[in-house]
Amino acid sequence: MVNRPWLAQAWAGVKCRGMSSPSITPSLFPAASGRALLPAYLALTLTSALWGSNSVVAKRLFELVPPLTLGWLRWSVVLLALAPLVWRERQAMLAAMRRQWPLLLGLALLGGVPQNMLTNTGLSGSTAIHLGLMNSAIPVLILGIGWLFHQRRPRRLESVGVTVSLLGVLVIVFQGDPRALLQLQPNPYDLILLGSMTAWSFYTLWINRRPAQLSLFGFLFVIGVIGQCLSLPLVLHELAGTPAGLLRSFGAREWIGIVYLGLFATLAAMLCFGYGVARAGPVRGGIFTHLVPVFSVLFAVLFSDETLALYHVLGFVLVAGGAIVSCLQPPVESPPIVTTHPSHPNTPASNA
């Protein structure tokens, strides 16, 4: 496997979920070290760059494409790209939708088209810089949600990190103005972005419960189809209130942007992230999430009319610093979890 191209390794890792043979989840601290980790770090950096570009491209598209419609069209591109890759899994996907529809419905709402529409709605009244900074709150939100809903109490450094990062989120939401904090007058669109990040954090915690018989691409295709069906009435309502002249000016630039968001900021980023986490481990991989606001700020300043303010820097330092502090105390490493084929009734449920 070492001599195979890294993209092929990522593809193999994505497909392994649908295999009938047992698979073992990667350790939190893989054996790879030194130069062997360089390709993984490069892949994780590229992932952050693609995610950082997402907010800038979407913000520019809002000039002609309404937020909900943009999220729906973006996932349409994803589904068209996935369709030939998951065709052989069509029977397994239909079976999963019949047997586990409540789980798939919840995951589609938390991590599919509706969550993306929520992000676009918040971004339409906020800035690409704010969205990038909000992404850094996700690891902290995961810690807090795990504590509240999964009885996973944070340890000392994790508690310190959560507190510091929460302070950074408040600095961003209230735009560094203590008077707005005292008067409880935040930007409502920033609160929508925070809600979107919270939904994604729940999705991240619950994605391990996805049907074991589906590959990752098959799973994404199923929740994408569910999300498209659920959100279609909202899209039609939005389009009904959109001026006809705006829709007629929809051209090649807009289509290129939508294809970019679907193929690169979603699918390509997922492959890079899967490869990086498989080689470097989830703990190291999670730290690279905090490069997203760096790229968001860089792209927003270079390609948009947004400017960098002091409270942006302060908020990022607090959010990212708190997350890094949370990772300083290594977690207790548990033994690998063996995942077997779901057709065996007496085997434990997958936790991979």
* **Cα gyration tensor shape for region 37-329, rounded if a/c is under 1.5, else prolate or oblate** => oblate
* **Computed FRET value (nearest 0.05) for Leu246 with Leu157, which takes r as the C-beta separation and R₀ as 51 Å** => 0.50
* At a temperature of 4 °C and a viscosity of 1.567 mPa s, determine how fast region 195-302 diffuses translationally according to Stokes-Einstein, using the Kirkwood radius over alpha-carbon pairs as Rh; express D in µm²/s, rounded to the nearest whole number. => 75 µm²/s
* To do: Would you please calculate the Kirkwood hydrodynamic radius of region 65-201 over all C-alpha pairs and express it in Å, rounded to one decimal?
  => 17.2 Å
* Least to most buried among Ile172, Ile142, Ile256 (fewest other Cβ within 10 Å first) -> Ile256, Ile142, Ile172
* Asked: If we count other beta carbons within 10 Å of each Cβ, what is the order of Ile324, Ile258, fewest first?
  -> Ile324, Ile258
* Asked: Among Asp305, Asp190, Asp177, what is the fewest-to-most ranking by other Cβ atoms within 10 Å?
  -> Asp305, Asp177, Asp190
* **Cα centroid separation - region 43-70 against region 118-143, whole Å** => 12 Å
* Using the Karplus equation 6.51 cos²θ - 1.76 cosθ + 1.60 (θ = phi - 60°), what ³J(HN,Hα) coupling, rounded to whole Hz, does each residue of region 253-259 give in order, writing x for Gly and Pro? -> 4, 5, 5, 4, x, 5, 4
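A short reminder: the numbers here are calculations on the coordinates, not readings from a lab. Worth saying up front: this structure is predicted, and the values here are computed from it rather than measured. Heads up, the Cβs are rebuilt from the backbone with ideal geometry, glycines too, and the neighbour counts pull from every protein chain shown.
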